[in-house]
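Participant: Take this structure, written in structure tokens, and hold onto it; I'll ask about it next.
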Amino acid sequence: MHITKLMAGIGIAVLPIPATPALAQTSDDYINPDRPGIADGSTTVGKGRFQIETAIQVEFRGDSIDREQTIFFPTLLRLGFATNWEVRVEGNTFSRIDRHDAVLGNTHDSGFAPTSLGLKYNFLPAAPTDKLSLGAIVRVFPPGGSGDFSTSRTTGDARLAADWTFAGKWSLNPNVGIGFYQDDRGRSYAAALAATTINFNPNKRVNLFADMGLQAPEGRNGKNALTIDAGGAYIIGHDVQIDLSIGTGVAGSTPPHPFIAAGVSRRF
């Protein structure tokens, strides 16, 4: 399992600034990506806006005898088609696993991960005097992908997301939801999803964060998976963000130990 949004897909270094329409950019109108991290934000990109968020992510599992390294390129495309609504296309795109086994030696697998189609609705935008924003996100992954990364069943998840500025330059970004996924044996299962990101914004361009994500269970009849990570993001101009994060699993057998990701987001 790759650690992206909400574990099976479970992040954001949320900047507590609501998105605005494309033709109404002001000095305070900064890009607000749904990366990096483990929780997604509640705000949308704004009507008429298009945004791409992509990264390179490397994950490590196993020990000195049997180990594997996974590299993939999580990518999210967001298009604002109405006030407070956006359509989302998301996936891990090309993925490669390199394994070292004490018996089989070195092997590798590569392929394309399934792609989801989703919607986000910011049903309670933050008002100028309000510090709380609420949204809902739904994703559906049709059967797809290739090689070891393919699925034979339709999967997906639904989440509620919030952004709450609770103390000056500090904000909290919790997510809760439910997912319907497929395990390595092709069996369907349901899982509870939760994530929380705490952000510190020393200014409007810099965000430092730490977060955690929980999936319960991590597989059919499996254990619970808990992952933590931390990192930072920096906005260049108004429409570009770069980010770096590192994290590790602290419970369960599927999270990596550790992972590192470097990303860039661009708003049009």
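Participant: Could you identify the single residue in R220, R205 that is basic (K, R) and either under 18 Å from D40 (Cα atoms) or modelled with pLDDT of 95 or more (or both)? Give the derivation first.
Facilitator: Details: R220 fails: either under 18 Å from D40 (Cα atoms) or modelled with pLDDT of 95 or more (or both).
Unique residue meeting the criteria: R205.
Participant: Going residue by residue through region 179-197, is there one that turns out to be under 25 Å from L244 (Cβ atoms) and of a type in the set (S, T, N, Q)? If you could, list the steps in order and put the result at the bottom.
Facilitator: Step one: filter region 179-197 for residues under 25 Å from L244 (Cβ atoms), giving 193-197.
Remaining after also requiring of a type in the set (S, T, N, Q): 196-197.
Yes, there is a match, as at least one residue in region 179-197 is under 25 Å from L244 (Cβ atoms) and of a type in the set (S, T, N, Q).
Participant: Moving on. Out of all the residues in region 47-68, which are within 17 Å of T107 (Cα to Cα) and not in a strand (DSSP E or B)?
Facilitator: D63, S64, I65, D66
Participant: Since D148 meets every condition but one in (1) loosely packed, with under 15 Cβ neighbours inside 10 Å; (2) in a strand (DSSP E or B); (3) of a type outside the set (F, W, Y); (4) at pLDDT below 95, which condition does it not meet?
Facilitator: Against the list (1) loosely packed, with under 15 Cβ neighbours inside 10 Å; (2) in a strand (DSSP E or B); (3) of a type outside the set (F, W, Y); (4) at pLDDT below 95, D148 comes up short only on (2).
Participant: What are the residues in region 139-172 that are more than 18 Å from T196 (Cα to Cα) and among the hydrophobic types (A, V, I, L, M, F, W, C), if any?
Facilitator: V140, F141, F149
Participant: Further question on the same structure: Hey, among T93, T115, which residue is on the phi > 0 side of the Ramachandran plot and either among the acidic types (D, E) or at pLDDT 95 or above (or both)?
Facilitator: On the way: T115 fails: on the phi > 0 side of the Ramachandran plot.
Just one listed residue meets the conditions, T93.
One line per residue, one yes/no per condition, for (1) small (G, A, S); (2) farther than 20 Å from Q69 by Cα; (3) surrounded by 21 or more Cβ atoms within 10 Å (Cβ to Cβ):
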position: N203; (1), (2), (3): no, yes, no
position: Q215; (1), (2), (3): no, yes, yes
position: G231; (1), (2), (3): yes, yes, yes
position: G237; (1), (2), (3): yes, yes, no
position: V240; (1), (2), (3): no, yes, no
position: A251; (1), (2), (3): yes, no, no
position: A261; (1), (2), (3): yes, no, yes
position: V264; (1), (2), (3): no, yes, no
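Participant: Which number in (1) closer than 29 Å to V58 by Cβ; (2) more than 16 Å from the chain's Cα centre (by Cα); (3) assigned to a strand (DSSP E or B) marks the one condition that K120 misses?
Facilitator: Answer for K120: the failing condition is (2).
Participant: So, one more: With closer than 17 Å to D184 by Cβ, charged (D, E, K, R), in contact with an Asp or Glu (Cβ under 9 Å, 6 or more places away or on another chain) and in a strand (DSSP E or B) as the only criterion, which of R78, R99, R88, R139 stands out?
Facilitator: On the way: R78 fails: closer than 17 Å to D184 by Cβ; R88 fails: closer than 17 Å to D184 by Cβ; R139 fails: closer than 17 Å to D184 by Cβ.
It is R99.
Participant: Determine which member of the set I31, I65, I97 is closer than 26 Å to T151 by Cα and among the β-branched types (V, I, T).
Facilitator: Numbers: I31 fails: closer than 26 Å to T151 by Cα; I65 fails: closer than 26 Å to T151 by Cα.
On inspection, the qualifying residue turns out to be I97.
Each row is one residue, and each column tells you yes or no for (1) more than 17 Å from the chain's Cα centre (by Cα); (2) at pLDDT below 95.
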site	(1), (2)
E59	no, no
T75	no, no
W85	yes, no
T107	yes, yes
V138	no, no
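Participant: Here is a follow-up. Identify all residues within region 226-268 that are among the polar types (S, T, N, Q) and at pLDDT 95 or above; write none if there are none.
Facilitator: Once the filter is applied, which keeps residues that are among the polar types (S, T, N, Q) and at pLDDT 95 or above, region 226-268 yields T227, Q241, S245, T248, S265.
Participant: Follow-up. Test T54 against the criterion of being buried (at least 24 other Cβ atoms within 10 Å of the Cβ), modelled with pLDDT of 80 or more and of a type outside the set (A, V, I, L, M), and give yes or no. Outline the logic, then answer.
Facilitator: Details: buried (at least 24 other Cβ atoms within 10 Å of the Cβ): no; modelled with pLDDT of 80 or more: yes; of a type outside the set (A, V, I, L, M): yes.
Taking the combined requirement at face value, the residue does not satisfy it.
The values are calculated or read from the model by the stated rules, or taken from the named source; none is laboratory data. Everything quoted here is computed from the prediction, not taken from an experiment. Backbone-built Cβ (ideal geometry, glycine too); neighbour counts: all protein chains shown.
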